[in-house]
1. Using a 1.4 angstrom probe and counting only protein chains, how large is the accessible area of B:Ser223 in Å², to 10?
2. Springs between alpha-carbon pairs under 10 angstrom, Gaussian network model over chain B: which of B:Asn258, B:Asn56, B:Asn71 fluctuates most?
3. Ranked from the most accessible area to the least, with a 1.4 Å probe and all protein chains present, what is the order of A:Asp256, A:Asp135, B:Asp208?
4. Counting other Cβ atoms within 10 Å of each Cβ, which trypsin sites (Lys or Arg not before Pro) in the range B:229-291 have at most 15 and sit in a DSSP loop?
5. Considering only Cα-Cα distances, which of the following residue pairs are longer than 31 Å: B:Lys65/B:Lys127; B:Lys12/B:Lys75; A:Lys247/B:Lys129; B:Lys12/B:Lys69; B:Lys154/B:Lys295?
6. Can you tell me which of B:Ala18, B:Ala296, B:Ala101 moves the most in a GNM of chain B? Springs connect C-alpha atoms under 10 Å apart.
7. List the residues of the range B:26-62 whose backbone N lies under 18 Å from a point placed 7 Å from the Cα of B:Lys154 along the Cα-to-Cβ direction.
8. Give me the inter-chain shielding for A:214-223: mean count of other chain Cβ atoms within 10 Å, whole number please.
Amino acid sequence: MKTLSIATNEIKQSLSNKRTLVFLLAFPICLMLILGLALSNAFNSSIKIEDFRVLYLVKGNTEVEQAFQSFIKEVKKNGVQFTRTNDEIDAKKAVKENKYVGLVEVTDQGIQLYENNANAIKGSLLKGMLKTFADKVNLATTVAKTDPGKVQDVLADSGQNNYVQETSINSYKEPHAMDYYAVAMTNLAAFFGMMSAVYLIRGERQRKTDIRLSAAPISKMEILSGKVLGGILTNVLCMLIIVLVSKWVFKASWGDHLAVVFLVLLSEVILAVSLGVGISYMIKTDNTVNAITMVFVQVAAFFGGSYFPIDDVDSFGGIFTRLSPLYWANNAINKVIYLNDMTPAVHTMMWNLGIAVLFLLISVISMRRREGL
Amino acid sequence: MKVLEMQNVTKKFGDFVAVDNVTLSVDEGEIFGFLGPNGAGKSTSINMIAGLLRLNEGKIKILGKDISKSNQFAKKNIGIVPQDIAIYEELTAFENVKFFAGLYGLRGEALNERVEEALEFVGLSDKAKSHPKDFSGGMKRRLNIACAIAHRPKLIILDEPTVGIDPQSRNYILQSVRKLNEMGCTIIYTSHYMEEVEEVCTRIAIIDHGKIIAEGTKAQLKSIITNTKDVWVGVTSCREVDPDELKDIAGVQEVQINWEDNVIKINSAIDVNNLNKIIRYFINHNIEIRSLEEKAPNLETVFLTLTGRNLRDK
Ligand SMILES: Nc1ncnc2c1ncn2[C@@H]1O[C@H](COP(=O)(O)OP(=O)(O)OP(=O)(O)O)[C@@H](O)[C@H]1O
Ligand SMILES: [Mg+2]
């Protein structure tokens, strides 16, 4: 009950604080509008289906091949170029070097796909098409990823055959600029929650209200959980407003799986708030905390695709992109919206919540050790 | 009954001893003054009572219960007015008081009534819906008090509640302190303004460099340092005054003449009433008296005598 009053108080306070509103609402919405409009032309041509080239390899004499040939003809109309090859090793190398989106092996057992991780969007698209094809002809498919050096079977052992639910090859969708930035800015706003979360407890110390909270008959844990809950709810509220504005005012597309999108966003807010609180406990001085969170958020945003889409992870940010929670979230949500692919969403949520728990633990332990809050 | 007991309490910040083996107790119904210069350790002591700081040594009991053990009970019975104004600028006066009172388990209508009562008490009823950022220093100080009393604590601790405000607000606050005491609250009043402490407190402890250097009622404290009083006689001219003749008057111990201001300072035993005789001396010698003042020692002089320093930097 007291935890709830602290949470409610935090929400009231944040929502009547202009700085919060600017950071969590005005800034992301303005940026969404500016980038969404300014880049709308650049965007429509940015993912060209004409560049979509795939290698295929037929092993042995198989009935599947006939069906596959008609599939190739069908997708050619959509600009997907299949080229036949006989040299598996050369072909895999070409895929690794990103000259082709993937290598499809057609065998008696079914079809197998080797793809390059770097080309995430096209890779998923190809997977979707093959899955649809395989469903039609009743084949088992396996998808393997060629990480440099290592070939790993992904779909085969997960035993999951329904993760791509496209019913037609023609239903390929791609985001317009406004759609992209709606997702990117909402994610960025959710992540900005980190910067205000730094002040959840620190702010009480600065305001000297920590002495009142300490003197009141509530435990430190109640105070911390109230504050964290309040921080999360405030950010969720702002995030929902941004989603609604982008959906109703800017007409951005949020796809058909709003619940999954919401869960990803929620996990991201939880991550951001926990990171903020944790960092504020790990670092002593205000200036350092500010600098660190600011740099962290901006680097994560830059490499995470907040300001421009990332087509090819490895040639762009590499490790920075892969480590950016904003990339996880952008990627996960776009896959949900455009490819109906839930796997990255689930992974992102697990990572977000896992890291959040870690940082909350750090906060709890530091708080217990500290005098006062 | 003892409302507060501090037993051999010590608090260190690193090697620095901020509160040094302090033992004191406050009885129910007292207005206990905690007087000391800047950095004496007053706020540190209060922060320990509030549970914000941990003690290095010793024990603190509230209403007979050790605060480290029966935490909740002790906490429910204290109200703390921090030295720094501790409120949320984004919230209205009403919301501020309501939030803090809510932490004590009050709910619904009862909570609202208490909040109104507290705001009424500090004279901020008409400002209930205003934000503290528009408040004057004095109003903020009063809100600071309201936030600490809405849950009707038995012990109210005020840490320098009148710093930086106009005399009117100060008087208002001093009156409020007396009123709270009449309503049954025990008060601990911290200050480095000795006039305030002298005015409202029934008993006083003087703290310096973390140590209690004197404790008692005003009269007791004054008698620690002196058993004499000063009578200052201002005259038109000092030329005719003979210090030796004045010294013959019963009780007079020392006579100083300030030639510049034409003032004669007569120091005499506190328990001898010799004012008539002193006045008669001046009349008999045809020396015109311009002014006459009896200077009793105050807590400032007590402090000065005990420490060799002034309470506040002059
Ligand atoms: N967190 C802290 N870390 C280190 N030293 C501290 C800390 N808090 C207080 N001190 C030191 O302890 C001493 C006592 O401080 P305290 O605030 O209790 O004094 P005070 O009597 O309340 O003075 P004032 O009248 O200025 O409020 C001071 O010398 C102060 O610098
Ligand atoms: Mg102080």
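The values are calculated or read from the model by the stated rules, or taken from the named source; none is laboratory data. Everything quoted here is computed from the prediction, not taken from an experiment. Virtual Cβ from ideal backbone geometry, glycine too; neighbours counted across all protein chains shown. Accessible surface is based on the protein model in full, side chains and every heavy atom, while ligands, DNA and RNA are left aside. Shrake-Rupley method; radii C 1.70, N 1.55, O 1.52, S 1.80 Å.
1. Approximately 80 Å² for this residue.
2. In the Gaussian network model the winner is B:Asn258.
3. The ordering from most to least exposed comes out as A:Asp256, A:Asp135, B:Asp208.
4. B:Arg239
5. Long pairs (Cα-Cα over 31 Å): B:Lys65/B:Lys127; A:Lys247/B:Lys129; B:Lys154/B:Lys295.
6. Looking only at B:Ala18, B:Ala296, B:Ala101, the biggest GNM fluctuation is shown by B:Ala296.
7. B:26-32, B:49-51, B:60-62
8. Partner Cβ neighbours, averaged per residue: 6.
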